[in-house]
Amino acid sequence: MANPYDVERTWPDYFLEHRELTVERQGTYRCGDLPVWTVHCPGGYLGNSIVIEGDDGLIVYDTGVSVEAGEIIAAEIRKVSGKPIRAVFYSHHHADHYNGTTALVDPDDVRAGRVTIYAWENFERERAGEYGEIADRQAMGIAYFGGALLPPEDRHHHGIGLLPPGGTPGFVPPTRLLRGDEVLTIEGVELRAFHTGGEAISEFGIHLPQFDVVLIADEFFTGLPNMHTIRGSRPRIPDHYVGALDRVLAIRPEWLVGSHIEPLRGKDRIAAAVTKYRDATQYLWDQSIRLINKGYTPVELQHALKELPEEVLDPPFTVPTYGVPFTTVPEFFTGWVSWFSGDATDMFPSEPAVQARRFAELMGGVEAVLAAAKDDHRAGRHQLAAELAQVALRADPSSQDARLVKAAALRAIGYQQVNPIARSWYLTGALELEQVFDPQLILDFVGPLIAAPRTGPEVVAGWRYRLDAEKAAGRTLVVGVRFTDSGDELTVRVRHRVLVVETGPADDRQALVETDADVLASARTVEGDEGAWPTLVQLLDLPPAGFHMHMR
């Protein structure tokens, strides 16, 4: 159904211009006559792969966002060299850097030691933390911020390439961990690895001194760094970005290559671009701290620092096409101060629906609120229109008109955005309000891409976050779980509305279940109360359920 309040689709001029640097520039680029290539935006998707040719084999830095992207990378590699891949480096723990591995190397070769996979020492820990307990929320956020659900006529680049709507994960765990700055020699090539930790705390760059090349992963983009991602993440450390760029300036390379840029050549050109980039990064952090210390709240920071000063503007690098100030600077408050603004009114606010009903009552009812929202929307005051429509929708969740007005207002705001992530979120939010997609589809398609392989004991350990406390009221259960594939044995206790997992058997267990890594499908009771295991499973929020972001 067409939305009667929709505005005409538009694209900011620079938005379309910036697309030419990613999706429309996909291909393989060589660093002059050096044996170093970048496979840029394979298939249009985000996530480059950098290939270095050594004496008798190849070194690959990042493998792409999926097996499908990895297959494109593998085909491109075969065009430049027939030598086998001997080493793979995962620059950090984000999924677009490691999910194409099985298309490039045989896992049996990795297990046999014929291929070594390198990562920083905290890679697995950070990967589990990034997509661990909050993997469901992360999957939802990824779909909204990446535009995967948008129709073809609205689909666009992600600032650094296209984000696939799904795909096959091809992760192979690292076999060699780097624990500090280290010099390696692989296939006759000297690689000086150095920790950076900006975009991800597990991130590292590599200096190739004999080629005068620096590989800088995700610390330098065609677009401001995304020092906070609205899909959700732990706080990123601005000074780590700055430190990474200072390392580049200290090395002063002839070539700079990265996981989302084409190779950049020229010592002076690189130094000038990197200097402005690191200064823009420092500007946003330093000025946020200055204003926080003057009492500014997150919203006040957004408005005070919505534009970068002319001195650091340097298209296509310091432009808001990946990170953008208005989604970055609030995180400097919430990540380093608190979620609490400081005004006691905000400490324990009314529930949104209760507040909305009262506001609507004072404004003359839901229809009066909606009339004002429509007036603002027609006048081009789309943010106010969305805010008023939100009041109406929370006061009356059954109001289709409120959903459509809010959707149209968000779509109008989205069309004005140069930042692809913000544009994606606004436009996807409009589709949600128009009930175009089922949120469950997000978990079904995105979830497998980011899910880390887990053993049976790891699956059961995660059930503490799945226990429905209301269902568990007054319940006490003790169930033993023995894993036939690994020999591990756990005890699962439900008490006081929490689920506790203990290592080893317990004398007071009510039942013993045997299973394997496919915990639910393989489980069978081998001892005790046959009803204990089904009762336990019924207390869990399984399977994971999608949810709405804009209708609540």
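Among 364, 335, 380, which is at pLDDT 95 or above, more than 28 Å from residue 15 (Cβ to Cβ) and either among the charged types (D, E, K, R) or not in a helix (DSSP H, G or I) (or both)?
After applying the criteria, what remains is 364.
Being hydroxyl-bearing (Ser, Thr, Tyr) and within 18 Å of the chain's Cα centre (by Cα) is the filter here; which residues of segment 149-177 pass it?
168, the sole residue that qualifies.
Taking the stated definitions as given, is residue 207 in contact with a Gly (Cβ under 8 Å, 6 or more places away or on another chain) and either over 17 Å from residue 93 (Cα atoms) or modelled with pLDDT of 95 or more (or both)?
No: the conditions fail for residue 207.
Any idea how many residues of segment 507-552 are of a type outside the set (Val, Ile, Thr), open to solvent by less than 60 Å² (accessible area, probe 1.4 Å) and part of a strand (DSSP E or B)?
5
Residue by residue through segment 35-81, note down the ones that are aromatic (Phe, Trp, Tyr) and touching an Asp or Glu at 6+ places or on another chain (Cβ under 9 Å).
The answer is 37, 45.
Filter the helices (runs of 4 or more DSSP H) completely within segment 400-468 down to those with at least 3 residues that are open to solvent by less than 50 Å² (accessible area, probe 1.4 Å) and closer than 30 Å to residue 387 by Cα.
400-415, 420-433, 439-450
Give 258, 197 a once-over and let me know the one that is closer than 20 Å to residue 314 by Cβ and in contact with an Asp or Glu (Cβ under 9 Å, 6 or more places away or on another chain).
258
Out of the strands (runs of 3 or more DSSP E) lying entirely within segment 48-137, which hold 1 or more residues that are touching a Pro at 6+ places or on another chain (Cβ under 6 Å) and at pLDDT 95 or above?
Those strands (runs of 3 or more DSSP E) span 49-53, 116-120.
Just for segment 2-58: of the residues that are on the phi > 0 side of the Ramachandran plot and in contact with a Leu (Cβ under 9 Å, 6 or more places away or on another chain), which one is surrounded by the most Cβ atoms within 10 Å (Cβ to Cβ)?
Here the residue is 41.
Given the conditions (1) open to solvent by 60 Å² or more (accessible area, probe 1.4 Å); (2) part of a helix (DSSP H, G or I), which single one is not true for residue 287?
Status for residue 287: all satisfied but (1).
Within the set of pairs 6+ apart or on separate chains, which have a first residue in segment 345-360 that is among the charged types (D, E, K, R), a second that is assigned to a helix (DSSP H, G or I), and C-beta atoms under 8 Å apart?
The qualifying pairs are 357/394; 357/395.
Looking only at segment 483-494, decide whether some residue is among the hydroxyl-bearing types (Ser, Thr, Tyr) and surrounded by 16 or more Cβ atoms within 10 Å (Cβ to Cβ).
Looking for residues that are among the hydroxyl-bearing types (Ser, Thr, Tyr) and surrounded by 16 or more Cβ atoms within 10 Å (Cβ to Cβ), one finds at least one in segment 483-494, hence yes.
The values are calculated or read from the model by the stated rules, or taken from the named source; none is laboratory data. Every value quoted in this text rests on a predicted model; they were computed, and no experiment measured them. Positions of Cβ are generated from backbone atoms using ideal geometry, with glycine treated the same way; all protein chains shown enter the neighbour counts. Surface accessibility is based on the protein's heavy atoms, side chains included, excluding ligands, DNA and RNA. Shrake-Rupley method; radii C 1.70, N 1.55, O 1.52, S 1.80 Å.
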